[in-house]
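Data first, discussion second: the structure below is written as structure tokens.
The values are calculated or read from the model by the stated rules, or taken from the named source; none is laboratory data. Everything quoted here is computed from the prediction, not taken from an experiment. Methodologically, a virtual Cβ is constructed for each residue, glycine included, from the backbone with ideal geometry; neighbour enumeration extends over all protein chains shown. For accessibility, only protein heavy atoms count, side chains too; no ligands or nucleic acids. Shrake-Rupley method; radii C 1.70, N 1.55, O 1.52, S 1.80 Å.
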Amino acid sequence: MSRVDARVGARVGAHVDTQADAPVTPSGEAPGVSGVRRRLWTLGLFRSELGTTLRRWRTLVLLGVLAVLPVLIGIAVKIETSDGGSAGSGGGGGGGAGPAFFSQITNNGLFLVFAALAATLPFFLPMAIGVIAGDGIAGEASAGTLRYLLVAPAGRTRLLLAKYATTLAFCLIATVTVAASALATGALLFPLGDLTTISGTRISFSEGLLRALLIALVVAASLIGFAALGVFVSTLTNSGIAAMATTVGLLITVQIVGSIPQLDAVHPYLFSQHWLSFADLLRDPVHFDDLVANLRLQGLYAAVFGAAAWARFTTKDISA
């Protein structure tokens with residue numbers, strides 16, 4: 001048996017085994033058991049896809065790079081301040097998200113979490129998401145495993161949902177990886193304590209940790225629209241590399257368009273338009289307008305490109 005056949009057999013077997021977990025009555029299937037089995041099947045399919053994704057070396061390398069970036073930022077700030085730089089000379093926070101976060105790192109290591117998320121969100125975080133999303137369907141097709149997965153009674157819709165759910169889970173895992181690495185690095189290199197918000201008020205360290213958690217969740221949610229776009233691109237081709245490259249290329253294109261003032265008419269429709277709105281969670285009181293606009297825009301992208309991916313995948317001729 002080839003390596004591909006063995007790997008597919010193990011994955012299909014894991015999917016099928018979940019059906020045995022469904023409850024039955026002594027007299028046979030009770031009403032509603034088929035629905036329970038479908039839900040257990042879908043959950044088992046998601047667990048299998050997530051486990052497969054997290055075991056891949058490519059995924060581990062992406063998470064490793066994301067974990068190293070906050071360390072590099074923290075070391076760079078520490079070296080600059082040790083050499084007499086002005087990285088910690090900021091006052092109450094100012095109005096800009098990135099500069100305000102960086103200027104406060106030496107005053108409070110918790111700000112390294114916010115600075116790392118602000119630094120990685122425009123490119124590094126979505127690039128990692130684009131690789132996972134783009135490889136979802138196209139990667140299976142290029143490896144010759146997609147047709148085998150569909151032999152199991154999962155159905156194309158459930159498989160597509162499992163792939164998208166796996167990408168969303170990776171969005172959260174990647175964001176938490178950045179935040180956790182930044183928090184550990186900030187605690188080692190800088191003092192911790194009460195925070196000065198970017199509005200100039202003081203909040204306790206415990207409240208700062210809570211806001212850091214909320215910010216991580218918002219950042220992860222900010223990527224759901226781009227994740228849906230990547231999954232849609234993945235249904236258009238049988239080449240995993242082409243899907244990943246196209247998804248990352250779209251990210252770069254959108255970022256370039258968003259930086260051109262002459263194209264400001266289309267800026268409100270770009271999925272990255274409100275990505276840095278998480279900074280409003282560090283205001284006192286919190287401003288919700290941009291946060292709500294961001295979540296609304298991400299939901300719109302997820303609905304549009306999720307529907308497009310479903311329409312494409314359910315009618316696609318699967319030959320690999």
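Structure notes:
- Residue within the range 212-219 that is surrounded by fewer than 22 Cβ atoms within 10 Å (Cβ to Cβ), aliphatic (A, V, I, L, M), over 19 Å from the mean Cα position of the chain (by Cα) and at pLDDT 90 or above present: no
- Hits in the range 230-285 (condition: within 21 Å of THR145 (Cα to Cα), open to solvent by 20 Å² or more (accessible area, probe 1.4 Å) and of a type in the set (Gly, Ala, Ser)): SER239, ALA242, ALA245
- Exactly one residue among LEU125, LEU159, LEU112 is farther than 17 Å from LEU229 by Cα, modelled with pLDDT of 85 or more and under 20 Å from the mean Cα position of the chain (by Cα), and that residue is LEU112.
- Residue satisfying condition, being in contact (Cβ under 8 Å) with a residue 12 or more places away in the chain and closer than 23 Å to ARG156 by Cβ, within set SER277, SER234, SER272: SER234
- Boolean, ASP280 is acidic (Asp, Glu), assigned to a helix (DSSP H, G or I) and either more than 21 Å from the chain's Cα centre (by Cα) or on the phi < 0 side of the Ramachandran plot (or both): yes
- Evaluation of THR315 against (1) exposed (fewer than 15 other Cβ atoms within 10 Å of the Cβ); (2) within 23 Å of THR120 (Cβ to Cβ) (one fails), failing number: (2)
- Test for THR185: is it within 22 Å of ALA227 (Cβ to Cβ), within 26 Å of the chain's Cα centre (by Cα), in contact (Cβ under 8 Å) with a residue 60 or more places away in the chain and buried (at least 16 other Cβ atoms within 10 Å of the Cβ): no
- Note on the range 15-71: residues that are polar (S, T, N, Q) and either at pLDDT 80 or above or closer than 30 Å to THR185 by Cβ (or both) amount to 4.
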